[in-house]
Amino acid sequence: MSLSHKDLLKRIDELPLLQNMKDALHDDLAEVEVTDEEFEAIARQVVEDFDRAQVVPCEAVGVVAAQSIGEPGTQMTMRTFHYAGVAEINVTLGLPRLIEIVDARKIPSTPTMTVRLDGEYARDRDLAREVAWSIESINILHLGSIATDLAEMNVLIELNEEVMAQRKISVEEVAERLSDVTKLAVGRPDDYTLTLTPKEPSYRDLLQLVEKIKNISLKGVEGIKRVVIRKEGDEYVLYTVGSVLKEVIEFEGVDPARTKTNNITEIAEVLGIEAARNSIINEANDTLREQGLTVDVRHIMLVADMMTCDGEIKQIGRHGISGEKVSVLARAAFEVTVSHILDAAIRGDVDYLKGVTENVIVGQPIKLGTGHVQLVAKR
Amino acid sequence: MTVPKRIGKISFGLISPQEFRRMSVVKIITADTYDDDGFPIEMGLMDPRLGVIDPGLRCRTCGGRPGECPGHFGHIDLIAPVIHVGFAKLIRKALRAICRECSRLMLLENDKRMYLEQIKTLIELGQPIDDVVNKVFSEARKPKKCPYCGASQKDIKFERPLSYIEDGHKLTPSDIRDRFEKIPDDDVKVMGMNPDSARPEWTILMVLPVPPVTMRPSITLESGQRSEDDLTHKLVDIIRINQRFQENREAGAPQLIIEDLWELLQYHITTFLDNTVSGVPPARHRSGRPLKTLSQRLKGKEGRFRGSLSGKRVNFSARTVISPDPNLSINEVGVPMEIAMELSVPLVVNSRNMDALRNFVRHGSEAHPGVNYVTRSDGRRVKITSRNCEEVADMLEIGWKIDRQLMDGDIVLFNRQPSLHRMSIMAHKVVVMPYKTFRLNPAVCPPYNADFDGDEMNLHVPQTEEARAEAQILMRVQENILSPRFGGPIIGGIHDYVTGSFLLTHGERRVNRREVMELLKKLPVSDLPPPKGVDEEGRPYWTGKQVFSHVIPEGINLSFRADFCMNCDQCKEEECEHDAYVVIRDGELLKGTIDAAAIGAFKGKLTDRVIKELGPSVAAEFMDSMTRMAIRGIMLAGFSFGIDDEDIPREADNQIQDVVKTAREDVQKLIEAYDAGELEPLPGRTLDETLEMRIMQTLGKARDNTGSIAGRYLGLDNSGVVMAVSGARGSMLNLTQMAACVGQQSVRGERIHRGYEGRTLPHFRNGDLSSEAHGFVQSSYKHGLSPTEFFFHAVGGREGLVDTAIRTSQSGYLQRRLINALQDLEVNYDGTVKETRGIIVQFKYGEDGVDASRRDYAGPENVHRIVQKVLGKESS
């Protein structure tokens, strides 16, 4: 007597298992005839194995996670490699990137975004390029050349008509933007030439003005220095140098749900702490995987959760988790020993010796693992 | 058993002068230490009431002998108050925040209450209160007039290192102390201090604690001269100045001299507390070495906290060089006899073991397994010698404790630094052996990251029953085969084990009766399987696969691609013509070759399956048998690698030369195109970068091509290829470099550009961009490198060395930080992960509560297997 399909489904769902195990069961049993006894046997073994896989209470998961991430660190490279596939963009990888992640740095050494596009934009190369151009910050060197005219003591900008049309920016806009930032009058001897004259006719001011103009962002998102288009599967994806998530996800054609940045602090600000936590996991996981090292996600999750559990990203180290521990001795044993002790004295801190280091220092068993058990034999 | 005492908490605070005088055992007034007879002077810095260090003397406070008496503090009464450097910043902030007349914190009552409330909540939450306290100080600094007494406030300037200047006048420590004394307790609380344990005026010292002599022992040099500790030197200075100060003040010396002496006293006390304060010249020893004073003793890696308190030294440990022994079990460790006779295990005599233990004692301490000490029930210890052993053995009573020498079967902990993960310390069973090295099965090298080029390892003997049980159950090697990092086996065959299994199982290797016996010699095999067939001369033969099947436990079903799989376009699986698809049915190796993918460390699929299906004991047995057989497998075949294994035929050499030549020409063409301005830049790259990338590509391809040419002439009859292909050691790239072409040397992923302006070496023309001028090594190692090639090779090699050196320090620090941040986390009985503050970090560990090292039990793969097993069995 075999079970009906509907019955089977219901009984699988009732089992205390993970969804992916239920799915696997479902896939396996969908095609075959299963009797009641057979199903019972399968269910019993699967649940038994699942129970066996559970962590045992008192397991020092923190240390195991730290070791699992720290140990492969010795095998990682120090170099900055090219981004997988996109030869144009350099991204920090390997050990420096991992350190950057756990340091919770405000700005990574190579900020970059992966911008995915919506519907039509993702499929049409021209539309994708338009988005790219509207995001990319343009300065004067993109549009033409800049020179100094020492006879006239002014800066001469010659704009390229073709590029201007391509980038959809008019000479008026450029002139306006330049005069806004430099607070100088912009002359326009002919259609595609602009001149600026510094207030004081000195060579130094003139050259400084040129440098200043070069740095002015005329159009696009300031901070996005370059955008590269790449075809991935059947969609076009934009990779950027520089990261301004908040502004970029507002753009027409950008899919905000699938757009990401490697700047974790920025994610926390724009999308919230849960997103930041996920992004720590993803970034750390990608970094390790790229180096060919397998580390279970659970370890990385624990690190990410530890870094974000207070609602803000905290560094793994002196200015974060380790510096905010309750135990004076644990803090003193980590770094800046003396000031921690002096401060503790002033505040009248009390160390309840709950952690590992404190108990090692006073020479008693630590309260983790087998030391967690508080039963003592009665004589 | 007695209930162990535990320290419940440690409170921190400042000690008031009154309290300190009460605690002190002696007031120190003379700067002298010892008199002419070498006895400590009373009321001097070595007063016997402070504790004793000289043998034969007794402490006048507690009566303890040296080693028993922990030492007692004395004190010096300072003539004038002195600032404690550590609190200089706090004193500055407090001075600015309180009224100069009425000493009240210059905030309105409401604000005070609000801030106090905030501080209380933060303390309850276990959060740092620094931010609020700083806010209090900065707010209280603002009013120009005191809101309580109306006195107008003056700006207080702080000058390094320790001067507070108000209105052009320097505030003396006495002035500051007077002001602080008047601060009401309620205001002190708002300033983030606890007035019960730390009043602000206590940051200004009136009484200087004199640490006990046990803390600053003097050492006697060979010349008989005494050399005092740095702290003692500093204390001598302080007492001298203090005395002079007193004399001058009593004599009514001018204000200027008094102030100078005051400052000098301040200097000495400052350096006594911390000798690295910026702005204060460090106090120096006569030899010019800066003194190591209190702060320096605590700080840093070798300081009290990290060096002495967090890292402790232990007894019952040994260290020596390690060497391999493939006949040992992975659970065992070979211990030299000399070490075994020194280390001991404590055993308590009871009615059941009396006779056995008596026997040990009779051996004395010179015959193994003997006894080193016997502890009687009253706690007296007797050292066992050959002379008293019989006597003591006869006296042995129930309740006595004997320290038996280490013998076979004892459980010990084995460790190799750096201890980067928990598998760096594992429990082994002792096997006492001759010679002087620790012996271990090479299969356990990967978790320790050990090799035998002179590595040393440490061994520890657990001294209590609980410790032994814990070691046995949790730390044994077999319990650690699966790494918690990725849930796979970290212990497995390396080097010759892999080669041996490969040679044995690859293809249809025939072994005759004699060879089979040799291979199975050390295995628990009672019957030979039926021979596979009969050879031309009528003698029975077996196959390597058949023999290897003996070590695979029954009930194992598995199929996977071997490590030397050629990645054909279409995998023919069981029909693989390279014998690279492994099929195991019920513990029988039917097809395929056993190599690194089956039994190797980190990736052994067979090991993985054995331990996950049959448990660690079977897996350990499997590893033992496998290593024993593999090592005999490689000996049977004979295996060596020499310089002539890198030889390739002349025609191959010619082909390689051609490839290199065309590559060189291609590079030349690229350079010409670049010079002519015909090179198209890659998007987003400059012309120079494009050229470099194209050249690198061309030369990389050329190296690969030479490699494949060499590979064609180097077959499986070449030992190097066998090692590379089976995953035992090295790669085809290494062989390519030895036999065909070393290839491009790089620094930071680019060709070598550094050196002189415009060229790397004087052998090249300025601006030469050709391959040979920028580090392309076209020779092979076998061939030998030209001088310029050799130089470039050294440049590339140096980068690797520097890289490794930096990486170890960086990753070491990363690991220390990670451990420090996460060490207190543990899974609770309710499945949550909490930290010491009690804050929940994860509601369920890893979102599913699955242990990483046993994660496969909770995966879909396992479900498929169970379904197949149940349905398959029932249907047949």
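The values are calculated or read from the model by the stated rules, or taken from the named source; none is laboratory data. Only a predicted model underlies this, so the values are computations on that prediction, with no experimental measurement involved. Because the Cβ atoms are built from the backbone with ideal geometry, glycine has one as well, and the counts that use them run over all protein chains shown. Areas reflect the complete protein model, heavy atoms only, side chains present, ligands, DNA and RNA absent. Shrake-Rupley method; radii C 1.70, N 1.55, O 1.52, S 1.80 Å.
What's the buried accessible area, both sides, between B and A using a 1.4 Å probe, rounded to 100 Å²?
By this definition, chains B and A bury close to 10100 Å².
Based on the Cβ-Cβ distance of B:A637 and B:N449, what FRET efficiency does E = 1/(1 + (r/R0)^6) give at R0 = 35 Å, to the nearest 0.05?
On the way: r = 29 Å, r/R0 = 0.82.
So, using R0 = 35 Å, E works out to roughly 0.75.
Could you tell me how many degrees, from 0 to 90 and to the nearest 10, lie between the Cα long axis of helix B:496-505 and the main elongation axis, the longest principal axis, of the Cα atoms of chain B?
Helix B:496-505 sits roughly 20 degrees off the main axis of chain B.
Could you check the simple spin-label distance between B:E456 and B:S323, using points 7 Å along Cα→Cβ, in nm with one decimal?
1.7 nm
What percent of all Cα-Cα pairs in region B:317-480 falls in each 10 Å bin, counting up from 0?
Taking all Cα pairs of region B:317-480, the binned fractions are 11, 37, 30, 17, 5 percent.
Taking θ = phi - 60°, what integer Hz values does the Karplus form 6.51 cos²θ - 1.76 cosθ + 1.60 yield along region B:516-530, in sequence order, with x for Gly and Pro?
4, 4, 4, 5, 8, 3, 9, 9, x, 10, 9, 10, 7, x, x
Given points 7 Å out from each Cα along the Cα-Cβ axis, report the B:M566 to B:M693 separation in nanometres with one decimal.
About 3.4 nm separates the two model spin labels.
Expressed as an acute angle from 0 to 90° and rounded to the nearest 10, what is the orientation of the C-alpha long axis of helix B:860-875 relative to the principal long axis of chain B?
40 degrees
Mind putting a number on the dipole of the protein assembly as shown about its Cα centre? Charges go on the C-beta only, +1 for Lys and Arg and -1 for Asp and Glu, and I need it in Debye to the nearest 20. Can you show the working numbers first?
Numbers: 159 positive and 186 negative charges, 1033 e Å.
Magnitude of the dipole: close to 4960 debye.
From the phi angles alone, apply the Karplus equation (6.51, -1.76, 1.60; θ = phi - 60°) to region B:175-191 and give each ³J(HN,Hα) in whole Hz, x where the residue is Gly or Pro.
Running phi through 6.51 cos²θ - 1.76 cosθ + 1.60 with θ = phi - 60° gives 4, 4, 4, 4, 5, 4, 4, 7, 5, x, 3, 4, 6, 4, 4, 5, 7 Hz.
So, R0 is 45 Å and r is the distance between the beta-carbons of A:Y203 and B:F790; what FRET efficiency does that work out to, to 0.05?
On the way: r = 51 Å, r/R0 = 1.13.
So the FRET efficiency works out to roughly 0.30.
Starting from the amide H of B:L440, placed 1.01 Å from N in the peptide plane, find each other amide H under 5 Å away whose residue is 5 or more places distant or on another chain.
B:S323, B:D325, B:G334
As I understand it, the dipole of region B:643-789 uses +1 on the Cβ of Lys and Arg and -1 on the Cβ of Asp and Glu, about the Cα centre. Which of B:A673, B:S726, B:I695 lies farthest toward its positive end?
B:S726
Classify region A:140-214: rounded, prolate or oblate, from the alpha-carbon gyration tensor (a ≥ b ≥ c, eigenvalue square roots; a/c under 1.5 rounded; otherwise prolate if a/b is larger than b/c)? Before the final figure, lay out each step's value.
On the way: a/c = 1.96, a/b = 1.78, b/c = 1.10.
Because a/c hits 1.5 or more and a/b exceeds b/c, region A:140-214 counts as prolate.
In sequence order, what are the phi-derived ³J(HN,Hα) couplings for region B:268-283 according to the Karplus relation 6.51 cos²θ - 1.76 cosθ + 1.60 with θ = phi - 60°, rounded to whole Hz, with x for glycine and proline?
5, 5, 4, 6, 4, 7, 8, 9, 10, 5, 6, x, 10, x, x, 5
Treating only the Cβ atoms of Lys and Arg (+1) and Asp and Glu (-1) as charged, compute the dipole magnitude of region B:643-789 about its Cα centre; round to the nearest 20 debye.
Details: 16 positive and 23 negative charges, 62 e Å.
Its charge dipole is roughly 300 debye.
Taking square-rooted eigenvalues a ≥ b ≥ c of the alpha carbon gyration tensor, is region B:496-637 rounded, prolate or oblate, where a/c under 1.5 means rounded and, failing that, a/b exceeding b/c means prolate? If you can, show how the numbers build up before the last one.
On the way: a/c = 1.67, a/b = 1.15, b/c = 1.45.
Verdict is oblate for region B:496-637.
Between region A:296-320 and region A:100-117, what is the separation of their alpha carbon centroids in Å?
Distance between centres, Cα-based: 16 Å.
What Cys residues in chain B have no fellow cysteine's beta-carbon under 4.7 angstrom?
B:C62, B:C389, B:C445, B:C565, B:C568, B:C571, B:C576, B:C741
Assign one of three labels to region B:226-281, namely rounded, prolate or oblate, based on the Cα gyration tensor with a ≥ b ≥ c the square roots of its eigenvalues; rounded applies when a/c is under 1.5, prolate when it is not and a/b is larger than b/c, and oblate otherwise. Walk me through the intermediate numbers first.
Values: a/c = 4.13, a/b = 1.52, b/c = 2.72.
Cα axes put region B:226-281 in the oblate bin.
Carbon and sulfur together cover what percent of the accessible area of region B:684-760 at a 1.4 Å probe radius?
On the way: 1710 of 3690 Å².
The C+S portion of the solvent-accessible surface of region B:684-760 is 46 percent.
Tell me, what are the semi-axes, in whole angstrom and largest first, of the equivalent ellipsoid of the protein assembly as shown as set by the roots of 5 times the Cα gyration tensor eigenvalues? Don't skip to the answer; put the middle values down first.
On the way: eigenvalues 686, 555, 222 Å².
That gives 59, 53, 33 Å for the three semi-axes.
How many angstrom lie between the C-alpha centres of region A:118-149 and region B:99-159?
55 Å
Under a 5 Å amide H to amide H cut-off, with H placed in plane at 1.01 Å, what residues pair with A:L93 once short-range neighbours are removed?
A:F81
Could you list which residues have their amide H under 5 Å from that of B:S559, counting only those 5 or more apart in sequence or on another chain, with H placed in the peptide plane?
Placed amide hydrogens put B:I584 under 5 Å from B:S559.
Give the accessible surface of chain A per residue, rounded to a whole number of Å², with probe radius 1.4 Å and ligands, DNA and RNA excluded. The partial results should precede the final answer.
Numbers: 17970 Å² over 379 residues.
In whole numbers, chain A has 47 Å² accessible per residue.
Once both axes come from the Cα atoms, what is the angle between helix B:130-140 and the longest principal axis of chain B, in degrees from 0 to 90, rounded to 10?
Result, in degrees: 30.
Just from the alpha-carbon atoms, what are the Rg and Dmax of chain A in angstroms?
In order Rg, Dmax, the Cα atoms of chain A give 30.0, 103 Å.
Can you work out the FRET efficiency for the pair B:I219 and B:R352, with r the C-beta to C-beta distance and R0 = 45 Å, to the nearest 0.05? List each step's numbers first, then the result.
Numbers: r = 51 Å, r/R0 = 1.13.
E between B:I219 and B:R352, to the nearest 0.05, is 0.30.
Give the Rg/Rh ratio for region A:326-372, taking Rg as the radius of gyration of the Cα atoms and Rh as the Kirkwood radius, to two decimals. Don't skip to the answer; put the middle values down first.
On the way: Rg = 11.3 Å, Rh = 11.1 Å.
Taking Rh as the inverse mean 1/r over Cα pairs, Rg/Rh reads 1.02.
7 Å from Cα along Cα→Cβ at both A:T370 and A:E172: what's the point-to-point distance in nm?
8.3 nm
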